Amino acid sequence: MNVFVEAFKFIGRNGQIPGAPPFPTLTHLTLETLKIAGIGIGIAVAIGLPIGLWLGHVHRGSFAAINVGNIWRALPSLAVLAIGVAFLGLGLRNVELALVVLAVPPIITNAYVAIDGVERDVVDAARGMGMTGLQVLLKVELPLGIPLIFAGIRTSALFVVSTTTIAALTGYSGSLGDIINNETSYHLSGVLGAAICIAALALVVELVLAMVQRLLTPKGLKVSTAEDTVSSLAPVVTEPT
Amino acid sequence: MIGIAAGGPVIPNFGGGSASFACERANRLFCAGWVSRNWDTVLWPALRQHIVLTVIAVAIGFVISTALALVAYRRNWLERPVLIVTSILYTIPSLALFELLQPSFGLSRTTAEIALVSYTLLIMFRNTLTGLREVPPEVRDAATGMGMGPTQSLLRVELPLAAPAIIAGLRIATVTVISLATVAALIDNEGLGVPILTAISNEVFKTELIVAGAMAVALAIGADALLVLAQRLITPWTRAR
């Protein structure tokens, strides 16, 4: 287990190897990974959330919304990246495209299921109070759907962080995956150090999103589903059988 | 690192034959000749290995998670610790987990399988447990009333009723493993990830990227469809809904 000690020393040196030319620091690579992943999640949310919310609001397109989600699960990320590289070449654009392709469907599916599942009585009450369709969506359905909607975003985020590092295998450099892809220069200890950073990064992203979810969930819902933090930590994949 | 073709003809090793390699040299999107020449030696073996990797991982994962779910069904306190551990395993990006296991288990199929199994646990455990818990209490009472003991009731009433949820978990786990097994090529030189990684290091050879990528996608979609079919056969009563 001496390698693991070396790995932590590598992290302590911020990704430098004594006697070797300076490498990009671990801090830099971690931030880059976060940036690439963040852009991907941002675009995916911007595309997927409105579509899912709207479809759920008008209770239409359940077949599309749910089956898209099913097919999405069957897309191996490395395969999507590989096909993307073949068509678009190496580069940030191709990586972001693959990330968005992988991240949009669970966001749509979960947002659809969340809004579609809001009790009709509640919606009727809101309409009876004179709310317009948009008001019903934003003031009633959206807050009630937050837990499920967020579950979708978290599933996507997990995928995106993981895929960002895999992108290094397809030759896109600029993330923590670079170190793993370059054992010759970094040796096993460096590779392990990077792997530890990637694992920690993914866990931190999950925890932060779980906390944001708790903050956004309306108080009333928190009481009734005062669920343990554990199950809210677990990424939920909606399974529409 | 990966060399990117800078002008000049790109001539990776296309393997035997006296055919002209015009298509390969130009690195066009799809060279049917390359596919037919390499099907028997490269693509088919990779597909077969991929299937074996997947079946082993899903089978072991199924046994472990079902056993855990059955115990947690009787002893509630077990649910939390299992969820915490399996959530963490699920969250760690595959690239990192494969590398982290490498010092202990080497560059081998064992390492790949351990990582792959660890990704199936959360999904199948949660689905099986939820499926069992959702069996209506009246049904359980009826089974008891008919004189069934706890084991009989479990085997003949509760498990069959939970079958749709269990198979749903199996579906998600299977496509997840198919996806991650492509990344496993990094530490265990087999599966469809091998041709993908080879193509990347072979001056981004497009045909191989597209074909291997498409095969991984097709395998995942095919496996998912097969499990849907299996579910219909095993639980014919769900179709009546």
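The values are calculated or read from the model by the stated rules, or taken from the named source; none is laboratory data. Everything numeric here is computed off the predicted structure, so don't read it as measured data. Methodologically, a virtual Cβ is constructed for each residue, glycine included, from the backbone with ideal geometry; neighbour enumeration extends over all protein chains shown. Only protein heavy atoms, including side chains, enter the accessible area calculation; ligands, DNA and RNA are left aside. Shrake-Rupley method; radii C 1.70, N 1.55, O 1.52, S 1.80 Å.
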TODO: Out of B:223, B:165, B:184, report the one residue that is of a type in the set (A, V, I, L, M) and open to solvent by less than 10 Å² (accessible area, probe 1.4 Å).
DONE: B:184
TODO: Could you list, in sequence order, all residues of the range A:168-206 that are touching an Asp or Glu at 6+ places or on another chain (Cβ under 6 Å), assigned to a helix (DSSP H, G or I) and more than 7 Å from chain B (Cβ to nearest Cβ)?
DONE: A:168, A:189
- [ ] Could you tell me which of the residues A:82, A:20, A:46, A:86 is of a type in the set (Gly, Ala, Ser), more than 14 Å from every other protein chain (Cβ to nearest Cβ) and assigned to a helix (DSSP H, G or I)?
- [x] A:46
TODO: Could you please find all residues in the range B:206-218 being more than 8 Å from chain A (Cβ to nearest Cβ) and either within 12 Å of residue A:170 (Cβ to Cβ) or crowded, with 24+ Cβ neighbours inside 10 Å (or both)?
DONE: B:208, B:211
Open item on the list: I'm told residue A:4 meets every condition in (1) closer than 22 Å to residue A:160 by Cβ; (2) open to solvent by less than 50 Å² (accessible area, probe 1.4 Å); (3) of a type outside the set (S, T, N, Q) except one. Can you identify the failing condition by its number?
Closed with: (1)
Open item on the list: Checking the structure you have, find out if any residue of the range B:133-154 is over 21 Å from residue A:202 (Cα atoms), out of contact with any Phe, Trp or Tyr (no Cβ under 6 Å at 6 or more places or on another chain) and touching a residue at least 40 places away in the same chain (Cβ under 8 Å).
Closed with: yes
- [ ] Kindly indicate whether residue A:63 is assigned to a helix (DSSP H, G or I), within 13 Å of chain B (Cβ to nearest Cβ) and open to solvent by 20 Å² or more (accessible area, probe 1.4 Å).
- [x] no
- [ ] For the range B:154-205, enumerate the residues that are at pLDDT 90 or above and either on the phi > 0 side of the Ramachandran plot or assigned to a loop (DSSP other than H, G, I, E, B) (or both).
- [x] B:190, B:191, B:192
Open item on the list: Just to verify a result, which residue in the range B:187-205, among those that are within 19 Å of the chain's Cα centre (by Cα) and facing another protein chain (nearest Cβ under 7 Å), is most open to solvent (accessible area, probe 1.4 Å)?
Closed with: B:197
TODO: Test each condition in (1) of a type outside the set (S, T, N, Q); (2) under 30 Å from residue B:169 (Cβ atoms); (3) not in a helix (DSSP H, G or I) for residue A:130 and report the one that comes out false.
DONE: (2)
Task: residue B:228 modelled with pLDDT of 90 or more, part of a helix (DSSP H, G or I) and open to solvent by 30 Å² or more (accessible area, probe 1.4 Å) - done: no
TODO: Could you figure out which of (1) in contact with a Lys or Arg (Cβ under 8 Å, 6 or more places away or on another chain); (2) within 10 Å of chain A (Cβ to nearest Cβ); (3) under 30 Å from residue B:104 (Cβ atoms) isn't true of residue B:178?
DONE: (1)
Task: Odd one out for residue B:217 among (1) touching a Ser or Thr at 6+ places or on another chain (Cβ under 6 Å); (2) within 22 Å of residue A:90 (Cβ to Cβ) - done: (1)
Task: Residue ID - nearest to residue B:219 (Cα to Cα), chosen from residues in the range B:127-173 that are among the small types (Gly, Ala, Ser) and under 29 Å from the mean Cα position of the chain (by Cα) - done: B:173
- [ ] Return the only residue of B:91, B:111, B:54, B:86 being under 30 Å from residue A:179 (Cα atoms), crowded, with 17+ Cβ neighbours inside 10 Å and modelled with pLDDT under 90.
- [x] B:91
- [ ] Could you look through the range A:89-105, keep only residues that are of a type outside the set (A, V, I, L, M) and open to solvent by 10 Å² or more (accessible area, probe 1.4 Å), and pick out the one that is nearest to the other protein chains (Cβ to nearest Cβ)?
- [x] A:89
TODO: Could you please find all residues in the range A:180-211 being open to solvent by 40 Å² or more (accessible area, probe 1.4 Å) and either among the hydrophobic types (A, V, I, L, M, F, W, C) or without any contact (Cβ under 8 Å) to a residue 60 or more places away in the chain (or both)?
DONE: A:181, A:183, A:184, A:188, A:200, A:203, A:204, A:207, A:208, A:211
